[in-house]
Structure formats: structure tokens, C-alpha cells
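Reading through the C-alpha cells given below for one structure.
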Amino acid sequence: MPELPEVETTLRGLIPALVGDTVSNVDIRTSGLRFPFPHDLSSKIKNRRVTSINRRAKYLLISLEGDLVLLSHLGMSGRMRVFTKGDKIPPIDKHDHVIFRTLRGTEVRFNDSRRFGALDLVSVKKLETHAFICNLGPEPLSESFNGAMLAARLFEKKTNIKTALLDQRTIAGLGNIYACEALYHANLSPRRGAYTIQGKRAERLASSIQRVLRAAIKAGGASLRDFRQSDGGLGYFQHQFAVYGRENELCPRCNVANHPQGCIKRIVQNGRSTFHCSQWQR
DNA sequence: ATTGGTTCCTGCTGGC
DNA sequence: TGCCAGCAGGAACCAA
């Protein structure tokens, strides 16, 4: 499930493949996914050069010549698969919804089996006010992100900390996996009221968030069912999960302490599974 | 205004 | 072994 590290991994695969090259052809095979695609998507981006590619939260921002930005969200199961000239190109899959081709012979396929992904076009000057972008909270890997900033944002919240971390307006880029993992590494109970995360606890949580995201990016993201890097390779961070998906197992620290039985519990918060260690997270 | 529940979609899993 | 109900999850939407 693409969260910030998976989108960052995708970004790092797209940059060398696309930046500096020019879109020559856009094959749109579906009228839309979560939302209808812009009706003029193909004509708007054809013959434009890709000037840069960036990430904001879980969105890819593909900047094109002429102050145009192609926004993409990978949803639950979206992938951007890159084939460069000379690669063996597989047959088109039924979930290859948009295929971008370039002058240099690169092909990028936006594949999304669960169809929760999105694509939109916006001018650079309207980017910050675009509906996808305008309510996003701070980037956890930015220079300015720290415990004090996080504490201030959590202080207003009446919900539990796990739910607050999933809300992209609080902090942008975390999904279910990294919210669970960050709370574990910060020794904080997912049930705790968000407003109680202040001072030292907020420092701990902020640094845990950064640490887990950086480690996941380094591992090329996590591949559970769906995620693949843009070259088709797997991410490896799932092997470093401390709690996610490990109900009734021992967390790393309980394992060291040789506890007799599984410490990792699964609870449901707002309809989402939360995995946490009943021994260490308070 | 904020929050929690529901919904979209498809593929995989687990229980019978 | 095979089938199918149920689950998974991001975020928009809606209702309270």
C-alpha cells in the first residue's frame, strides 16, 4: 500500500527515466479511476518536456514544460512501472490504465488494480490551492518538522493518536503501516488521546516517524500484496516491521526479553486495524 | 468545525 | 479441492 516511502521509491525510479524527456504519446485506457481523468489529459501533456518530478505527501508531482503539473496518487494498489528502450515489454495488463510514452522510447504504465488512484492536471500557480494539496499537513521529512511542531498540531485533536496520524491534515504521508510502526518505536499507545502527546513524548514520536520513514525509503518501501518499485522489483521494508501484521507474535524487544507469549495485539480503530505491543506502548 | 462511519474497487485469504 | 464471503486500505463524502 503506497504510503510516503513507497511513493518516494516510485519517485526515485521515475526521475532518471523521465526528467528531460518529452511525452510523445498518452494511451488512456480507462475514463478515470477514483475520479474521472481530465478530458484533455492527452492533448495537454503531449509534446511537453518533463522538467522535474517531486513528491508532496503521497502525491507525485510531475512538472511539465509550460508550468503544468501532472498530479498522481497511487491509492491502494497503484504502481508506476518504467520500461526503457530495449527492455522487454510485457503485454498490456487489464489494470494498465494509462501508458505514457516518450521521445526517447521510455514507457511508463500507471497500473492500479483496485482503482483508488487518481490523476489530475493543474497549473503551477494553482498547485497549492488544488483540492488534493491544499489541506495537507507538514512533510515529516522536511527540515522544519520536529516534536514541537507535531505537539502543536496534536494538541487541538480530540481523537486518539493513531487516528490523528492517519489524518493527512495533521501530518502528511503516513498510512496504516507507518502510523503503527512509528507509535511502536515511540513506545506510545495507539489509544492515547492525541492531545496528550506533548513535550518529550512528541519529540520521541517525531523522531520515530522520521526514523521509520527513512529506513523504509532505504529498503525501497514495503511490498505486501501490491507495491512494486518502478523497475518491477520488490521493496524490503516489510521484513523490518516490528508490529504491523504480526498479531500474537513477539515484538522485537519482547523477543529479546524472552517473553513467553505474543505481545502484539490487533485492535480496530475507526475501522482500521492497529497493531501494537501491549507491553511497551503506553 | 471536527469526527467517525461509509463507500468506492478488486484480489487475496480463510473457512466451510 | 473449490467456492465465496469477508477483509484490506486512502481519502472523499456525509451525517451528527
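If R0 is taken as 41 Å, the Cβ-Cβ distance between A:Arg282 and A:Arg104 corresponds to a FRET efficiency of 0.15. The share of alpha-carbon pairs in segment A:147-277 lying farther apart than 22 Å comes to 37%. Pairwise Cα distances in segment A:224-266 exceed 12 Å for 64 percent of all pairs.
Between A:Ala215 and A:Ser31, what length comes free when the chain is fully extended (0.36 nm per residue of separation minus the Cα-Cα distance, one decimal in nm)? Extra length available between A:Ala215 and A:Ser31 comes to 62.5 nm.
Over all directions, the projected convex hull of the C-alpha atoms in segment A:68-151 averages 8.1 nm² in area. Taking 0.36 nm per residue of sequence separation and removing the Cα-Cα distance, the A:Ser123/A:Asn255 pair yields an extension gain of 42.3 nm.
What longest range of chain A stays clear of loop-exposed GluC sites (Glu not before Pro) (DSSP non-H/G/I/E/B, at most 12 other C-beta within 10 angstrom)? Can you show the working numbers first?
Numbers: sites that count: A:Glu143, A:Glu156.
Longest site-free region, per DSSP loop and neighbour criteria: A:1-142.
Note on segment A:59-129 and segment A:133-182: Cα centroid distance 27 Å, given to the nearest whole angstrom.
Report the local net charge at A:Arg204: Lys and Arg +1, Asp and Glu -1, summed over other residues whose C-beta lies under 13 Å from its C-beta. Display every interim value, and only then the final one.
Working: positive: A:Arg192, A:Lys200, A:Arg201, A:Arg211, A:Arg282; negative: A:Glu203.
Taking every Cβ under 13 Å from that of A:Arg204, the sum is +4.
Normalised by the number of residues in segment A:147-277, the average gap of Cα pairs under 8 Å and 6 or more apart makes the relative contact order 24 percent.
Each principal axis of the Cα cloud of segment A:54-201 was evaluated for its coordinate range; sorted largest first, these ranges are 54, 33, 24 Å. For segment A:4-129, the ratio of Cα radius of gyration to the globular rule of thumb 2.2 N^0.38 Å stands at 0.96. Using the alpha-carbon atoms, what tilt in degrees (0 to 90, nearest 10) does helix A:199-218 show relative to the longest principal axis of chain A? Helix A:199-218 and the main axis of chain A meet at about 40 degrees.
Within a Cβ distance under 13 Å of A:Val69, other residues only, what is the Lys/Arg minus Asp/Glu net charge? All intermediate terms of the calculation are to be shown ahead of the outcome.
Numbers: positive: A:Lys44, A:Arg48, A:Arg55, A:Arg56, A:Lys125, A:Lys126; negative: A:Glu65, A:Asp67, A:Asp120, A:Glu128.
Taking every Cβ under 13 Å from that of A:Val69, the sum is +2.
Can you tell me the length gained on complete extension of the stretch A:Ser43 to A:Tyr236, counting 0.36 nm per residue apart and subtracting the Cα distance?
Working: separation 193, 0.36 × 193 = 69.48 nm, distance 3.81 nm.
That works out to 65.7 nm of additional length.
Direction-averaged projected area, Cα convex hull, segment A:1-44: 4.3 nm², rounded to one decimal. Of the residues A:Asn270, A:Asn176, A:Asn248, the one that moves most in a GNM of chain A with alpha-carbon contacts below 10 Å is A:Asn270. Within chain A, the cysteines lacking any other cysteine Cβ closer than 4.7 Å to their own Cβ are A:Cys134, A:Cys180. Between A:Gly78, A:Gly199, A:Phe116, the Cα set farthest toward the positive side of the dipole of chain A (charges on each charged residue's Cβ, about the Cα centre) is that of A:Gly199.
Suppose a student asked you for the relative contact order of chain A, using Cα pairs under 8 Å spaced at least 6 residues apart; what percent would you report?
So the answer I get is 19 percent.
What does the charge count near A:His239 come to, summing +1 for each Lys or Arg and -1 for each Asp or Glu among other residues with Cβ under 14 Å from its Cβ? Don't skip to the answer; put the middle values down first.
Numbers: positive: A:Lys218, A:Arg246; negative: A:Glu181, A:Glu249.
Local net charge: 0.
Each Lys and Arg contributes +1 and each Asp and Glu -1, all at the Cβ; summed about the Cα centre of chain A, the dipole is approximately 580 debye. Only Cα pairs within less than 10 Å get springs; with that Gaussian network setup on chain A, which residue of A:Gly66, A:Gly32, A:Gly221 has the largest fluctuation? Answer for the Gaussian network model of chain A: A:Gly66. For A:Asp231, A:Asp167, the sequence from fewest to most other C-beta atoms within 10 Å is A:Asp231, A:Asp167.
Restricting the calculation to Cα atoms, chain A yields a radius of gyration followed by a Dmax of 20.0, 63 Å.
Of the chymotrypsin sites (Phe, Trp or Tyr not before Pro) found in segment A:177-282, the ones in coil according to DSSP and having at most 16 other Cβ atoms within 10 Å of their Cβ are A:Tyr236.
We did not get these values from a lab; they are worked out from the coordinates using the rules stated. If you're wondering where the values come from, they're calculated on a predicted model, not measured in any experiment. For neighbour counting, all protein chains shown are included, and Cβ atoms are generated from backbone atoms with ideal geometry for every residue, glycine included.
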